[in-house]
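Enquirer: Once you've had a glance at the structure underneath, I'll fire off some questions.
The values are calculated or read from the model by the stated rules, or taken from the named source; none is laboratory data. Computed from a predicted structure; not experimentally measured. Note that each Cβ is placed from the backbone with ideal geometry, even for glycine, and that neighbours are counted across all protein chains shown. All accessible areas refer to the heavy atoms of the entire protein, side chains included, with ligands and DNA or RNA removed. Shrake-Rupley method; radii C 1.70, N 1.55, O 1.52, S 1.80 Å.
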Amino acid sequence: MKRYCQEKEEVLSQLQTSAKQGLTNGEAEKRLAENGKNKLVAAKKKSLVRRFLEQLTDPMIIILIVAAVISGVIAVIENEFPSDVIIILAVVILNAVLGVFQESKAEKAIEALQEMSAATSKVLREGKVVVLHSEELVVGDIVYLEAGDAVPADGRILESASLKIEEAALTGESVPVNKISESIATENGKDVPLGDRKNMVYMGSTVVYGRGVFVVTATGMDTEMGKIAGALAQAEEGKTPLQIKLGQLSKVLTWLVLGISLVVFGVQLLRAGRFEFEFFMIAVSLAVAAIPEGLAAVVTVVLSIGVTNMSKRNAIIRKLTAVETLGCAQIICSDKTGTLTQNKMTVVECYGEDEKRVALGMALCSDAQQNEDLTITGEPTEAALVAWSAKVGCPKPQLKEKFPRIGELPFDSNRKMMTTFHPKEGEVVQYTKGAPDVVIDRCSHCLQNGQIVPMTEEIKSQIETANKNMADRALRVLACAERVWAKLPDEYESETVEIEMCFTGLCGMIDPVRPEVKQAIEQCREAGIRPIMITGDHVDTAVAIANELGILSDGAKAVTGAQLSEMSDEEFEKEFRNISVYARVQPEHKTRIVNAWRSAGFVTAMTGDGVNDAPSIKSADIGVGMGITGTDVTKNVADMVLTDDNFATIVGAVEEGRRIYENIRKAIQFLLASNMSEVISIFIATLLGFTILKPVHLLWINLVTDTFPALALGMEKSEPDVMKRKPRDSKAGIFSGGLGVDLLYQGLVVSALTLLSYFLGHFIETGEWTITNSEYGVTMAFLTMSMAEIFHSLNMRSQRKSIFGLKTFNKTLLFALIGSFLATTLVCEVPFLANAFGFEHVNFLDYALAIVLGACVIPIVEIVKLVQRKVAKNR
């Protein structure tokens, strides 16, 4: 139906709704049940079978399956029970099942976060404006739009106040469209192209200016976006740099191991002059030993759990890459209002001879509304003005009734003013509110002793002094002016209407500093992170707040947007390191500030809420959107959204980012050191001519004994000094900070203990120190390596600190260690499992010996850590 051809009243009538009351809740629920939710059909999720099969496509898993098939063929030929085949396939299947489970868990965590950050809309229901999830909209709903909102459904415009909408996603037209509320006449009932339907709004477009009201005419797949999309596949979450590096490492290891395995296999073949099944199994053992099968899954799970933990701390991570980048953050550029302060504005002072007149003008020239229950909804500054007006005897509902708004020039961050027009005693009065310096410059007169008198330099100086006195006390100051017209102006252009006004007064309001922010700023300093304040407020207000919070220190200075504009790129490049406060800035200044820090090699976070902040948020390393005051546009481009708009939450997220990255490194070190010990043990045993561990033994250690402690290390709490270290270098590799050396020597230690256990086991069984194959020696070696890995996971709780000095307790790790210990004991002591793995029964004393040998990894690593700490201290 061509709603754009119909009058507003006709559309409302056909949709059985009211512009003043909206739908009833009952009717809305009925329509929602009939037509479904207002969302596009998502692409079908992968089936469990497909996910399971995808887990088997990893090159290492394919090698294991091929090895199992060859082993099975040889077992059939030699008429033996294929125990190796059964165990290898069982472990492969178990690994795939765990992979599917972990993937599903990560997906559910991301879905939960998406639900938390779901788009909302301001809707009129039963005469009250309520905020609903956009997917709950139904045909007939009355929806309110303002700059920065994403249009949630298709609809017919009922009111337009300088409304401009960006529709490039639908029409390809890059220039925003000026919207109207009048019907569009067509010739002979012809269709009007989508881009020319100026009285319609469409899902997927964005409000860039002004405000408006529309009635929903289509939802979900019935919208124009739904018709084009057909089915919308949600963008897959990109892999983090760490995951990419690990994927590359895994591929390199795979090919390296295949090469080494083939060489070892070839050498043994040439040495013996014939093929033996044992040669093949040794080659497979080397391949299994070198690849950390559980590593990718561990990293994914730790990341997803970390992201969920961040959401509990009011930081919703929209892109996994942000978790890593947060740990490297060196600069945090933050808005002042609402982020460093409480965003609870209260008018505490008025300059002007008629306070009631100033309050009335301020209240009428604002979009905040006073509800029937006396609560006030709207932008915090405007809400403060409406509350002040009510306090002095001018409640907004009565003002609206007496002086209805008949025209307006919405607030614009470039003009820093807002203007509205109202009928009064046969004339039209214009109220303008905005930044004092801007408004005063546009005034040719002022109010004195009840009379309108010309603005003189002396009067102007008095007003500016009053403004400065308020600003010096960290008050946010707004100016109010009037202009009387015989009739409503034909055009609402700033150059023609916001001039020759009469100044009526100033009001000063306070937005108290958030109590927790001062400590967060101190924490930033200790962590090597520099906070930068960026605000649209007066420079005196900004400096007062910055001094209170400790942002202006070490000789740093404050500059205004005007001063910044005057600086050339070369001048700014020399100066920006000395600037900690930017006041009176334009949105484009933010992008310049971010790019300056990034160009100098600093990892930079930037907060923002308005539609004009989107470019600077996008250009930052970590874009931070505001969950409460933020527009849909800024939230959509942000890497992280704060549900409480609090600066302290960013610092908490940085700490969590550091903790997650540190824990992932601990897991990597633990797993790779284990692989290193296996490779060294197999290689030395092969050179000496005996088998120390079989492929199934190594698979068990890699996927059962090691995986659970590695996951538990991912739950480790932050080390006490995590926020007292300098930020990590974003370009640092996986093995930086001595991790490569650590895993090498730790692998050698575990390997030495395992080889010693093998020879002791062989000696206990035979009483000889000969180098030969020994089933008892293999069992002892398996036990010692498993126990060493279990004990070594305790070492990994801190890379350099003694585990005996740690004040935190990892309960998850304790349960993981008990689980791994019991699993190792079961596989060695339960007869049918022991037979399948080829283990001999070990008596209690020998079992104790294997445990003691495994536990030796703790004192050895403790001694090395002590030496490392002393060397670092001397440096």
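Enquirer: Find all pairs meeting these conditions: Cβ atoms under 8 angstrom apart; at least six residues apart or on different chains; first residue within segment 129-142 and touching a residue at least 24 places away in the same chain (Cβ under 8 Å) and charged (D, E, K, R); second residue assigned to a loop (DSSP other than H, G, I, E, B) and open to solvent by less than 30 Å² (accessible area, probe 1.4 Å).
Expert: Sorted first by the residue in segment 129-142, then by its partner, the pairs are Glu135/Asn38; Glu136/Asn38; Asp141/Thr17; Asp141/Gly22; Asp141/Ala153.
Enquirer: From Ala147, Ala153, Ala185, Ala168, grab the single residue that is out of contact with any Pro (no Cβ under 6 Å at 6 or more places or on another chain) and open to solvent by 50 Å² or more (accessible area, probe 1.4 Å).
Expert: Just one listed residue meets the conditions, Ala185.
Enquirer: Given the criterion at pLDDT below 90 and crowded, with 16+ Cβ neighbours inside 10 Å, identify the matching residue among Ala836, Ala850.
Expert: Ala836
Enquirer: For segment 536-559, check the following and say yes or no: at least one residue is under 15 Å from Leu340 (Cβ atoms) and basic (Lys, Arg).
Expert: no
Enquirer: Shifting gears a bit: Can you pull out every residue in segment 469-493 that is within 14 Å of Lys433 (Cβ to Cβ) and either modelled with pLDDT under 90 or surrounded by fewer than 16 Cβ atoms within 10 Å (Cβ to Cβ) (or both)?
Expert: Scanning segment 469-493 gives a single hit, Arg476.
Enquirer: Enumerate the helices (runs of 4 or more DSSP H) found wholly within segment 315-421, keeping only those where 1 or more residues are touching a His at 6+ places or on another chain (Cβ under 7 Å).
Expert: Output list reads 355-364.
Enquirer: Could I ask something else about it? Only one residue in Val267, Val208 is part of a helix (DSSP H, G or I) and either modelled with pLDDT of 75 or more or touching a Phe, Trp or Tyr at 6+ places or on another chain (Cβ under 6 Å) (or both). Which one?
Expert: Every option except Val267 fails the conditions.
Enquirer: Could I ask something else about it? Please specify each residue of segment 566-590 satisfying the condition of being assigned to a helix (DSSP H, G or I) and modelled with pLDDT of 90 or more.
Expert: Glu566, Asp569, Glu570, Glu571, Phe572, Glu573, Lys574, Glu575, Phe576, Arg577, Asn578 - these are the residues of segment 566-590 that are assigned to a helix (DSSP H, G or I) and modelled with pLDDT of 90 or more.
Enquirer: The conditions are (1) open to solvent by 10 Å² or more (accessible area, probe 1.4 Å); (2) farther than 20 Å from Gly561 by Cα; (3) within 45 Å of the chain's Cα centre (by Cα), and Cys443 fails exactly one of them. Which is it?
Expert: Unmet condition: (3).
Enquirer: Among the residues that make up segment 799-822, is at least one of them among the β-branched types (Val, Ile, Thr), within 16 Å of Phe670 (Cβ to Cβ) and either surrounded by fewer than 21 Cβ atoms within 10 Å (Cβ to Cβ) or in contact with a strand residue (DSSP E or B) (Cβ under 6 Å, 6 or more places away or on another chain) (or both)?
Expert: Yes, that holds for at least one residue.
Enquirer: Output the residues belonging to segment 799-837 that are of a type in the set (Gly, Ala, Ser) and more than 18 Å from Val298 (Cα to Cα).
Expert: The answer is Ser802, Gly805, Ala823, Ala834, Ala836.
Enquirer: So in segment 378-407, with the set limited to residues that are of a type in the set (Val, Ile, Thr) and out of contact with any helix residue (DSSP H, G or I) (no Cβ under 6 Å at 6 or more places or on another chain), which one is most open to solvent (accessible area, probe 1.4 Å)?
Expert: Ile406
Enquirer: Sticking with this one: Among the residues of segment 364-377, write down those that are out of contact with any strand residue (DSSP E or B) (no Cβ under 6 Å at 6 or more places or on another chain) and not hydrophobic (A, V, I, L, M, F, W, C).
Expert: Result: Ser366, Asp367, Asn371, Glu372, Asp373, Thr375.
Enquirer: Restricting attention to segment 815-834, which residues are within 42 Å of the chain's Cα centre (by Cα) and in contact (Cβ under 8 Å) with a residue 60 or more places away in the chain?
Expert: Phe815, Ala816, Leu817, Gly819, Ser820, Ala823, Thr824
Enquirer: Kindly evaluate Thr504 against the criterion of being touching an Asp or Glu at 6+ places or on another chain (Cβ under 7 Å), over 26 Å from Ala653 (Cβ atoms), of a type in the set (Ser, Thr, Tyr) and open to solvent by less than 50 Å² (accessible area, probe 1.4 Å).
Expert: yes
Enquirer: Does segment 829-846 include one or more residues that are touching a helix residue (DSSP H, G or I) at 6+ places or on another chain (Cβ under 9 Å), among the β-branched types (Val, Ile, Thr) and outside any loop (DSSP other than H, G, I, E, B)?
Expert: Checking segment 829-846: not a single residue is touching a helix residue (DSSP H, G or I) at 6+ places or on another chain (Cβ under 9 Å), among the β-branched types (Val, Ile, Thr) and outside any loop (DSSP other than H, G, I, E, B).
Enquirer: Here is a further query. List the helices (runs of 4 or more DSSP H) that sit entirely inside segment 643-758 and contain at least 1 residues that are closer than 21 Å to Gly777 by Cβ, free of Cβ contacts under 8 Å to residues at least 60 places away in the same chain and out of contact with any Asp or Glu (no Cβ under 8 Å at 6 or more places or on another chain).
Expert: 647-688
Enquirer: Do you know which of the residues in segment 612-629 that are in contact with a strand residue (DSSP E or B) (Cβ under 7 Å, 6 or more places away or on another chain) and part of a loop (DSSP other than H, G, I, E, B) is nearest to Thr337 (Cα to Cα)?
Expert: The residue in question is Gly627.
Enquirer: Going through segment 835-848 one residue at a time, which ones are in contact (Cβ under 8 Å) with a residue 12 or more places away in the chain and either farther than 15 Å from Thr784 by Cβ or touching a Ser or Thr at 6+ places or on another chain (Cβ under 8 Å) (or both)?
Expert: Asn835, Ala836, Phe837, Gly838, Phe839, Glu840, His841, Val842
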